[in-house]
Amino acid sequence: MSANRTIEQTNTAAKPCYLLAIETSCDETSAAVVEQGTIIRSNIVSSQMETHRRFGGVVPEVASRKHVETMTRMIEEALAEANVRPDELSAIAVTHGPGLVGSLLVGMVAAKALAVALDLPLIGVHHIAGHIYANQLVQPLQYPLISLVVSGGHTEIVHVEREGCFRILGQTRDDAVGEAFDKVARALQLPYPGGPHIDRLAGEAEQAITLPRAWLEPGSYDFSFSGLKSAVLAALNQAKMKGIPLEAAHVARGFQESAVEVLVEKAIRAANETGAKQLLLAGGVAANRGLRQALTARCEEEGIPLLIPPLDLCTDNAAMIGAAAYLKYTRGQFDSLELKAQALLSLEEWSVG
Ligand code: KG4
Ligand code: ZN
């Protein structure tokens, strides 16, 4: 199999492009079949959440082992549900970073084995490009656009000037926002992953404790969430020492409001300053109802078209990897079997156009 194979050799006019995509960067084992980069033929996800819950977080060795146990079944189910035969596939796409290296390796070995066995091109995909292009599975994208990427490992404002060309305007200087949600949840003794529990409690709360907003220097698009997390811990400790413990719901709402306000205002400013035609929300924390509501309201006020994927496309899944892989497929940018799993991988360098 050659990495230099051209698109003409792999895509005849009559044949639709079916990409088999694989995602194993963290604790979801997923395989999907995506047609023409936009149509989900199947998207099978097996979450390891139950396994990791008792440890209070993802245990990398356990995650790798679970991926090994589940991967083959996910691929079989994805092909069966898509009703696509292996010989109808156009290429194999796989997340090669960033993520847990042991987890990434399992998906990559599966993808490479399929590429060799079926004599198909291999396409390595950046996980965050996947989160951003999950939106393309919902509606066509218009450039330039801004994507607010909010997940357990990333918090970034990404400027996509044209298709597949990524520039990071700002990012977290410490904790990712999902990580901050999970740490605050742990302090409130909520189960892992805590983000959805904070979201639920915040929605039920009638009051919120007052917490700071980390705006950083004027004009900066960067974020910082560790100070906010420390402020929550300090408030909890002080209340405990006074013998009047805080209501978990009030803490959850105060924390969520602080995190959401900074995320929303910086994303809106980035969209206005770059003349973005669309603002895209991406990543697991895009499931947060407070964030979705606040961003929707501000985008309406500012007249900025907002795209938010449905919940199952916000959290890790392989269909989003198939959507991003199509960028490379149409440009004939294939990878060799030397492709490496990379715990750290630059989104800007991954740009295809
Ligand atoms: O994108 P994702 O599935 O995995 C990573 O690539 O990190 O994001 C997982 C993160 C976790 O931190 C989880 O707590 C958070 O997304 N999350 C939420 C919500 N649902 C998931 N955070 C806040 N509110 C939610 N509803
Ligand atoms: Zn993710």
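Here are a few things to note about the model shown:
- Within the chain: Cβ-based charge dipole about Cα centre, in debye rounded to nearest 20 (Lys, Arg +1; Asp, Glu -1): 400
- Diffusion coefficient, µm² s⁻¹, Stokes-Einstein with Kirkwood Rh over alpha-carbon pairs of the chain at 25 °C and 0.890 mPa s: 118
- Segment 15-128, dipole about Cα centre (Lys/Arg Cβ +1, Asp/Glu Cβ -1), debye to the nearest 20: 160
- Which of Gln342, Ala78, Gly254, positive extreme of dipole for the chain (C-beta unit charges): Gly254
- 222 nm mean residue ellipticity, helices alone, for the chain (DSSP H n ≥ 4; -39,500 (n - 2.57); rounded to 500): -13500 deg cm²/dmol
- Residues of type aspartates and glutamates that Lys15 reaches as a straight line, Cα spacing below 18 Å, ignoring anything fewer than 8 places off in the same chain: Glu35, Asp87, Glu88, Asp119
- Cα-centred dipole magnitude for segment 143-308, charges only on beta-carbon of K, R (+1) and D, E (-1), debye, nearest 20: 320
- Counting 0.36 nm for each residue step from Arg162 to Gln142 and taking away their Cα separation leaves a gain of 6.4 nm.
- Compared with the direct C-alpha span, the chain from Asn237 to Glu217 gains 4.3 nm at full extension, assuming 0.36 nm per residue.
- Total formal charge among the other residues, if their Cβ is under 12 angstrom from that of Gly99, Lys/Arg +1 and Asp/Glu -1: -4
- Positive end of the dipole of the chain (Cβ unit charges, origin at the Cα centre): among Ile92, Leu188, Ile168, the Cα lying farthest that way belongs to Leu188.
- Nitroxide proxy distance, nm - points 7 Å out along Cα→Cβ at Gln171 and Lys277: 2.7
- Modelled spin-label separation between Val352 and Met49, with each label point placed 7 Å from Cα along the Cα-to-Cβ direction: 3.0 nm.
- Candidate lysines - alpha carbon under 26 Å from Lys183, same-chain residues fewer than 8 apart omitted: Lys66, Lys229, Lys240, Lys242, Lys266
- Comparing Gly322, Ala286, Phe223 along the charge dipole axis of the chain, the residue lying farthest to the positive side is Phe223, per the Cβ-charge model.
- Cβ crowding within 10 Å averaged over residues, with 93-99, 333-339 ranked highest first: 93-99, 333-339
- Rounded to 5, percent antiparallel among DSSP beta bridges of the chain: 60
- Size descriptors for segment 143-308: radius of gyration and Dmax over Cα atoms are 16.0, 56 Å.
- For segment 143-308, share of DSSP beta bridges that run antiparallel, in % to the nearest 5: 60
No lab work stands behind these numbers, since they all come straight from the coordinates. Not measured: the values here are computed from a predicted model. Here Cβ is always computed from backbone atoms with ideal geometry, including for glycine, and neighbour counts include all displayed protein chains.
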